[in-house]
């Protein structure tokens, strides 16, 4: 994100000073958006910050919620792997270069299957955690319980105890 912001700001400054835009800026930002999107997918899944529709699962008891997340997480991981397969086939088939930076587009497009596979791994880790966890919590990611334990009440000060 910082690189995108720096490239865009540099382009604006160059355009205001010279009247011409830097041709590579738009192309670079497009490549960075692809990277952020697919790497961000994996990051969001690993942090349990993905978009969830939880009205149904919130109404279920803990055990059923855990099993529902196992099913949903397994299906999501499988779907991401399928999409990664198709994305890999597409990326491999592209035999063009970017017009300005002259980068093989295949290299840029390989970010998509990589991010999808990493996202699938994150969902699979969440499924594994829900299947093997010894506590009564439901996990939305490997180390992220759906509802964190409430913070312990602070100990009363010496004055409050007296």
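Just so it is clear, none of the values below were taken in a lab; they were calculated from the coordinates. If you're wondering where the values come from, they're calculated on a predicted model, not measured in any experiment. Cβ atoms come from the backbone with ideal geometry, glycine included; neighbour counts cover every protein chain shown.
A few remarks follow.
- Residues in the stretch 67-111 reached by a label modelled at residue 23 [backbone nitrogen below 15 Å; 7 Å Cα→Cβ]: 97-103
- Annotation: peptides 133-142, 114-123, ranked by per-residue average of other Cβ atoms within 10 Å with the highest first, follow the order 114-123, 133-142.
- Choice from 23, 91, 44 with maximal GNM fluctuation in the chain (Cα, 10 Å cutoff): 23
- Seen against the Cα atoms of the chain and their longest principal axis, helix 62-93 is set at about 10 degrees.
- Rounded Å value of the spacing that divides the Cα centres of the stretch 82-124 and the stretch 1-45: 19 Å
- Look at [x] 19.8, 73; [y] 16.5, 54; [z] 22.7, 78: the one that is Rg and Dmax of the Cα atoms in Å derived from this structure is [z].
- Residue of 35, 22, 131 that the Gaussian network model of the chain assigns the largest fluctuation, springs spanning Cα pairs under 10 Å: 22
- In plain terms, the chain from residue 32 to residue 143 could stretch by 37.1 nm, reckoned as 0.36 nm per residue minus the Cα-Cα distance.
- Spin-label model, residue 15/residue 136: points 7 Å from Cα along the beta carbon direction are separated by 5.9 nm.
- Each peptide in 83-90, 69-76 gets a packing score, the mean of other Cβ atoms within 10 Å over its residues, and the list from highest to lowest is 69-76, 83-90.
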